[in-house]
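The values are calculated or read from the model by the stated rules, or taken from the named source; none is laboratory data. Just so it is clear, the model here is predicted, and its values are computed rather than measured. Positions of Cβ are backbone-derived with ideal geometry, glycine not excepted, and every protein chain shown enters the neighbour counts.
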Amino acid sequence: MASGAVVIRAVKGFHLCLKVQCDSIGICRRHVSAPDWEKDLDHRLGMEGDLRILVAQEQIAKRVREIARQISHDYKGRTLYAVCVLEQGFVFMADLIRELEVPVVCQFIRPDFKSQGATTEIFFSPEPKVVGADVLLIEGLVDSGVTSEFLIRTLLGRGAASVRLVTLLDRQSARRVSLQPDYFGFLVDESYAVGYGLGSPLLGRNLPYIASIVRKAAGQQV
């Protein structure tokens, strides 16, 4: 397989399978300004380390309302089929759909990762019912864009009338495919973020804001 190649394998049951060979690709980084104030250890995080807040709770709520207004305008008179990618997108979806002013059908898909050497296989299940539907794919974070682009093509191949992508966080500097979300909340450049549904990898999803973890150097007191 060529370096960086993406191969779509046959679907088994309700699983959508994407096979990606990892490699090192130089990315032209775009630095995006973000709040940089520090917060003492939040015990809800469940691990050691201070937090550097990237997006405050009030900023998130305001931006979610703005996105919902635009989506409601774009889908006026239609029923929207919201497909959430777990687990990263569940908090964002819960807040977003409650602000929408159109009928919504909610569905969920979950990735399962299997790695062998430099190759990672990603299986998504269960298969959502989207034939003839206007689909809104909801993610907490779009990074390389590889899986998002795959899911959009797959949903269209399953008979969706249309598919648009909304993400709370967009890390454009890490993009490996030509993909632009139809709606996004905030541009970020940090390689790692927790809170508002994002985990590290399991803890931290319950934080009401988005932050990066500031690890203490050896010998420093947390």
Practice problem: Give just the number: which of (1) in a helix (DSSP H, G or I); (2) under 19 Å from Ala160 (Cα atoms) does Ala94 not satisfy? | Solution: (2)
Quiz item: Within region 120-135, is there a residue that is at pLDDT 85 or above, assigned to a strand (DSSP E or B) and in contact with a helix residue (DSSP H, G or I) (Cβ under 6 Å, 6 or more places away or on another chain)?
Solution: yes
Quiz item: Among the residues of region 103-134, how many are within 16 Å of the chain's Cα centre (by Cα) and among the aliphatic types (A, V, I, L, M)?
Solution: 2
Quiz item: Residues Glu38, Glu87: which one is surrounded by fewer than 11 Cβ atoms within 10 Å (Cβ to Cβ), acidic (Asp, Glu) and either modelled with pLDDT under 55 or over 22 Å from Ser173 (Cα atoms) (or both)?
Solution: Glu38
Quiz item: What do you reckon, is Asp95 within 20 Å of Leu198 (Cα to Cα), of a type in the set (D, E, K, R) and more than 14 Å from the chain's Cα centre (by Cα)?
Solution: yes
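Residue by residue, here is whether (1) over 22 Å from Arg69 (Cα atoms); (2) part of a strand (DSSP E or B); (3) in contact (Cβ under 8 Å) with a residue 40 or more places away in the chain holds:
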site: Phe150; (1), (2), (3): yes, no, yes
site: Leu156; (1), (2), (3): yes, no, no
site: Ala160; (1), (2), (3): yes, no, yes
site: Leu165; (1), (2), (3): no, yes, no
site: Ser178; (1), (2), (3): yes, no, no
site: Asp189; (1), (2), (3): yes, no, yes
site: Leu202; (1), (2), (3): yes, no, no
site: Leu207; (1), (2), (3): yes, no, yes
Self-check item: Restricting region 97-142 to residues that are under 16 Å from Leu165 (Cα atoms) and in contact with a Gly (Cβ under 7 Å, 6 or more places away or on another chain), the residue that is surrounded by the fewest Cβ atoms within 10 Å (Cβ to Cβ)
Solution: Val130
Quiz item: Only one of (1) at pLDDT below 95; (2) more than 24 Å from Thr154 (Cβ to Cβ); (3) in contact with a Ser or Thr (Cβ under 8 Å, 6 or more places away or on another chain) is not met by Ile53, so which one is it?
Solution: (3)
Quiz item: How do the pairs read when you match residues in region 92-104 that are modelled with pLDDT of 95 or more with residues anywhere that are part of a helix (DSSP H, G or I) and loosely packed, with under 15 Cβ neighbours inside 10 Å, using Cβ under 6 Å and keeping only pairs 6 or more apart or on different chains?
Solution: Glu99/Arg65; Leu100/Ser72; Glu101/Ser72; Val102/Ser72
Practice problem: Would you be able to say whether some residue in region 56-64 is modelled with pLDDT of 70 or more, in a helix (DSSP H, G or I) and over 21 Å from Asp182 (Cα atoms)? | Solution: yes
Quiz item: Within region 178-218, which residues are among the hydrophobic types (A, V, I, L, M, F, W, C), modelled with pLDDT of 85 or more and over 15 Å from Phe90 (Cβ atoms)?
Solution: Leu179, Phe184, Phe186, Leu187, Val188, Ala211
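Identify, please: which residue in region 156-169 is of a type outside the set (Lys, Arg) and within 29 Å of Ile210 (Cα to Cα) and is, among those, surrounded by the most Cβ atoms within 10 Å (Cβ to Cβ)?
Within region 156-169, the subset of a type outside the set (Lys, Arg) is 156-157, 159-163, 165-169.
If we keep only those that are within 29 Å of Ile210 (Cα to Cα) too, we end up with 163, 165-169.
Numbers: Val163: 21, Leu165: 22, Val166: 23, Thr167: 26, Leu168: 32, Leu169: 24.
By that ranking, first place goes to Leu168.
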